[in-house]
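Chemist: Here it is: the structure, laid out below.
Please treat every number below as a calculation from the coordinates, not as lab data. What you see is a predicted model; the values in this text were computed from it and never measured. Note: ideal-geometry Cβ built from the backbone for every residue, glycine included; neighbour counts use all protein chains shown.
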Amino acid sequence: MAKWMKRLALVFALASAALIGLVVFGGFRLKDPHGNVAFGWDADARRFQIMEKPALAVEGPHVFLHDSGYEVLATQQDAHVWRLVRTRLPASPLPTLTVQVGNAAKTRFPVPLRPASPARSAVHADNPSRLLMLSDIEGEFDKFTSLLRAQGVIDDALHWRYGDGHVALVGDFVDRGDDMTAVLWLIYRLQVEADAAGGRVHYVLGNHEHLAMSGRKKYWPSGLVAFAQALGDDGDERLFSAQSVLGTWLAEQPVVARVGDHLFVHGGISQDVLALDLDIDQINALAQPHLHDEPEGLHGDADILLGRSGLTWYRGMALPDDANHRREADPAAHLQRALARYGAKRIAIGHTLVPDIRLEQQGRLLRLDVHHADQTSQAALYEDGVLWRVDAEGGRARLQ
């Protein structure tokens, strides 16, 4: 017994040493469901965190409908102390907001508000002159803008310069990264600028957009958690709700789209989704009214589309041979059925990490989810019928 206890103590000591090494040298945070740090190590401040609520920092603006105008909430720093500021603006003329990013450059950019958009088809039948595809930015504003600049999508002032080119953003542009709100406002602005130039930004929602819209703040950056707490008990539910400008706009975005040869969906398409026999616009029309509902509370067709086996969560196409995830009986045949049903040659997905963007399944599946925070950001470019892997340093490698 004594020998067994010594071995157990040794294993525990080694595990503890490994954890301390990770915590001290790499940074580590264990969050509770409310986004507070239950236990962790702040590598920047070199201190432990135990049962700690986050502090206010750069965040916002968040805009809500109020009477005949808007209520704008953002943080402001006075004498090194951040506080929440509320401003009321009339509905007419539509106001222009200023977004401040919490990056080292302290980037600021204007965003004109606009009315809610009518329903728009998520099907663009033809291949555009250029189609840039990326996913899972997860609030990394600097990574996002560096990639877009390197590929000529935006200029130094963050304005659209891609002409009639298209950009497909394939979900999970929120959560984790400190500047997720700024990322959303930039996409919001770029959509209008792209339309005016004859191009288009297709923003296909992922599971983390759905989580944010339903008030799930576990994966929010600390500044956004603190902001929600400063609003009161319903702060997490309000920020991306149907009463907020960003929440209303997000609910207008599709969960599946097609641009020429490419079908876009964040997670994948399960057999259950195919069995509904809905076209792309029918899927979006059914899913969009439920994007503010919690995923666990969905029922019927909405659960099939947005639940754990739905379009934003399903991993069967990315991991067809993994026994820990749901699999189709014949993954290759299932993929071909999905392509035939939606008139595409290739499905592009995010959600499941790969070291580099790559093609699978004889070129019929494009995997876009790379870990932008820890590597040079990548995207896929489809131009003149050729598919390339491109990156934020101007690199280019042919994928087919």
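Chemist: Of all trypsin sites (Lys or Arg not before Pro) in the stretch 257-356, which ones are in loop regions per DSSP and have a Cβ with at most 13 other Cβ atoms within 10 Å?
Modeler: The qualifying sites are K345.
Chemist: Stick to the Cα atoms of the stretch 306-366, pair each with every other, and give me the Kirkwood hydrodynamic radius in Å at one decimal. Walk me through the intermediate numbers first.
Modeler: Values: mean 1/r = 0.0820 Å⁻¹.
Its Kirkwood hydrodynamic radius stands at 12.2 Å.
Chemist: Oh, and also: Once each part is reduced to its C-alpha centroid, what is the distance from the stretch 90-123 to the stretch 259-290 in angstrom?
Modeler: When both Cα centres are located, 28 Å separates them.
Chemist: May I ask you to sort S270, S241, S68 by Cβ crowding, counting other Cβ atoms within 10 Å and putting the fewest first? Don't skip to the end; give the middle numbers.
Modeler: Working: S270 24, S241 18, S68 8.
Least to most surrounded, the residues fall as S68, S241, S270.
Chemist: Roughly how many nanometres apart are two label points built 7 Å out from the Cα toward the Cβ at E393 and T96?
Modeler: 3.7 nm
Chemist: Express the relative contact order of the stretch 111-262 as a whole percentage, based on alpha carbon pairs under 8 Å and six or more residues apart in sequence.
Modeler: Working: 257 pairs, mean separation 41.7, N = 152.
So the answer I get is 27 percent.
Chemist: Within the chain, which complete DSSP H helices have Cα atoms spanning at least 30 Å along the helix axis and a mean Kyte-Doolittle hydropathy of 0.0 or higher? Mind dumping the intermediate values first?
Modeler: Working: long enough: 2-26 (35 Å, 1.58).
Within the chain the helices that satisfy the rule are 2-26.
Chemist: Relative to the Cα centre, what is the charge dipole magnitude of the chain, using +1 at the beta carbon of each Lys and Arg, -1 at the beta carbon of each Asp and Glu, and rounding to the nearest 20 debye?
Modeler: Roughly 960 debye, rounded to the nearest 20.
Chemist: Any idea how far apart D384 and A79 come out in nm if each label point goes 7 Å out from Cα toward Cβ?
Modeler: Each label point lies 7 Å from its Cα, and together they span 6.3 nm.
Chemist: Once you put a point 7 Å from the Cα of A275 and another 7 Å from the Cα of R86, both along the Cβ direction, what distance in nm separates them?
Modeler: Calculated label separation equals 4.9 nm.
Chemist: Considering only DSSP beta bridges whose two residues both sit in the stretch 123-398, what percent are antiparallel, to the nearest 5? Walk me through the numbers before you get to the answer.
Modeler: Working: 19 of 36 bridges.
Taking every DSSP beta bridge within the stretch 123-398, about 55 percent pair in antiparallel fashion.
Chemist: Based on the alpha carbons, how large is the Rg to Rh ratio for the stretch 185-253 when Rh follows Kirkwood?
Modeler: A ratio of 1.04.
Chemist: Okay, next question. Provide L339, L158, L169 in ascending order of the number of other Cβ atoms located within 10 Å of each residue's Cβ, fewest first.
Modeler: Arranged by neighbour count, lowest to highest, L339, L158, L169 become L339, L158, L169.
Chemist: Let me ask another. For D155, what is the net charge nearby, where nearby means another residue's Cβ is under 15 Å from its Cβ and Lys, Arg count +1, Asp, Glu -1? Display every interim value, and only then the final one.
Modeler: Details: positive: R149, R161, R189; negative: D156, E193.
Here the count lands on +1.
Chemist: Starting from the Cα of K143, draw a straight line to each of the aspartates and glutamates and keep only those under 13 Å, dropping any in the same chain fewer than 8 residues away.
Modeler: Result set, ordered by chain and number: D178, D179, D374, D391, E393.
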